[in-house]
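For reference, the structure is listed below as structure tokens.
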Amino acid sequence: MAKTLYDYWFVQFDFPDENGKPYKTSGGKMVWDEELKREIPEGWEVGNLLNIADYINGLPCQKYRPVNEKYLRVIKSKKCMKVLLPILN
């Protein structure tokens with residue numbers, strides 16, 4: 001399932017647009033990327049995940065949860081799939 005989702009969203013660029021329709025096949029604007037030698041969605045850029053995101057250890061990764069401290073909630077991939085399955089089917 002993860003492989004299929006990756007293919008739809010990051011190879012075919014048919015992730016849901018603002019109307020819930022597949023981006024590229026619904027006429028989403030694509031631009032040529034010289035580094036990848038292919039079209040990518042307008043506004044996207046090529047980059048290294050370590051350069052564009054911060055890694056933060058979430059609660060599911062901790063043995064003991066903090067008490068009376070602020071913490072970030074983490075969405076587990078299993079829960080994401082429950083939401084995404086109806087969209088993909």
ask   = What about Leu50, is it at pLDDT below 95 and part of a loop (DSSP other than H, G, I, E, B)?
value = no
task = Considering each residue of region 25-34, count those that are surrounded by 12 or more Cβ atoms within 10 Å (Cβ to Cβ) and within 23 Å of Val46 (Cβ to Cβ), and give that number.
result = 3
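Would you mention how many residues in region 7-24 are without any contact (Cβ under 8 Å) to a residue 12 or more places away in the chain and either in a loop (DSSP other than H, G, I, E, B) or loosely packed, with under 11 Cβ neighbours inside 10 Å (or both)?
So the answer is 7.
The values are calculated or read from the model by the stated rules, or taken from the named source; none is laboratory data. Note that the structure is predicted; figures quoted are calculated from it, not measured. With ideal geometry, Cβ positions are generated from the backbone for all residues, glycine too; neighbour counts draw on all protein chains shown.
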